[in-house]
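The values are calculated or read from the model by the stated rules, or taken from the named source; none is laboratory data. No experiment lies behind these values; they were computed from the predicted model shown. Heads up, the Cβs are rebuilt from the backbone with ideal geometry, glycines too, and the neighbour counts pull from every protein chain shown.
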Amino acid sequence: MINTSRLENYIIAAEVEQLYTNYCEVLDASDIEVWPSFFTDDGSYRITTRENLENNMPLCFVLCEGRAMLCDRAAALKQTVFYRCRFQRRIVSGISVKAIDRSDGESIETCASFVIYESIGDEPSKLLVCGRSQDVIVREKNMLKFKQRLCIIDAQVISDSIVFPI
């Protein structure tokens, strides 16, 4: 981390961890309509594979650019998309603040590992997806929000659909 004191680094790291915790709690509770509020108005959300990223391929499973598109996706999931009843649990670990840029406000580059377990009906819980995220977080009205959220799945294919956000 650059241009900050040691205490400021710890405070920022704690705030970042709380953002990830709140994000996971909202999605695990299926409060999909709250999900867009974690992003800036011009925020982006993308899910791709490690292979696509390593080969500079723009292909992705999901791409939402701007809060309006995030709200549309949330509304579709809540109101119009039909899917089997499912419960998900997200585990995020290894949250790391990679850089802090204060030249134009406050921009925080982070990365973290994630796994999502899913339970559908009377089937046993299973691993749905795992990977890492590379995110840019900014402070907006004294709250941290995602400006860019890039979720990189380790596998080239997934066994089931990714209905809810990572």
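Leu77: within 18 Å of Thr40 (Cα to Cα), surrounded by 12 or more Cβ atoms within 10 Å (Cβ to Cβ) and not acidic (Asp, Glu), yes or no?
No, not satisfied.
I'd like the residue in segment 80-106 that is polar (S, T, N, Q) and modelled with pLDDT under 95 and, out of all such residues, is farthest from the chain's Cα centre (by Cα).
Within segment 80-106, the match that is farthest from the chain's Cα centre (by Cα) is Ser103.
Can you name every residue in segment 2-32 that is at pLDDT 95 or above and of a type in the set (Asp, Glu)?
Glu15, Glu17, Glu25, Asp28
Name the residue, out of Glu51, Glu33, Glu118, that is more than 16 Å from the chain's Cα centre (by Cα), part of a helix (DSSP H, G or I) and surrounded by 14 or more Cβ atoms within 10 Å (Cβ to Cβ).
On the way: Glu33 fails: more than 16 Å from the chain's Cα centre (by Cα); Glu118 fails: part of a helix (DSSP H, G or I).
Answer to the check: Glu51.
Hey, among the residues in segment 1-29 that are surrounded by 15 or more Cβ atoms within 10 Å (Cβ to Cβ) and hydroxyl-bearing (Ser, Thr, Tyr), which one's farthest from Ser103 (Cα to Cα)?
That would be Tyr23.
Answer with yes or no whether Glu123 is among the charged types (D, E, K, R), on the phi < 0 side of the Ramachandran plot and part of a strand (DSSP E or B). Can you show your working first?
On the way: among the charged types (D, E, K, R): yes; on the phi < 0 side of the Ramachandran plot: yes; part of a strand (DSSP E or B): no.
In short, no.
Read through the list (1) surrounded by fewer than 16 Cβ atoms within 10 Å (Cβ to Cβ); (2) in contact with a Ser or Thr (Cβ under 9 Å, 6 or more places away or on another chain), then give the number of the only condition that Thr110 fails.
(1)
Here is a list of conditions, (1) touching a helix residue (DSSP H, G or I) at 6+ places or on another chain (Cβ under 9 Å); (2) part of a strand (DSSP E or B); (3) of a type outside the set (Asp, Glu), and Ile166 meets all of them except one; can you say which number that is?
(2)
Going through segment 63-85 one residue at a time, which ones are assigned to a strand (DSSP E or B) and farther than 17 Å from Glu33 by Cβ?
Within segment 63-85, Leu63, Glu65 qualify.
What is the residue count in segment 121-160 for residues that are surrounded by fewer than 11 Cβ atoms within 10 Å (Cβ to Cβ) and in contact (Cβ under 8 Å) with a residue 24 or more places away in the chain?
3
Hey, any hits in segment 106-120 for a residue that's within 18 Å of Ile152 (Cα to Cα), touching a Cys at 6+ places or on another chain (Cβ under 7 Å) and not charged (D, E, K, R)?
yes
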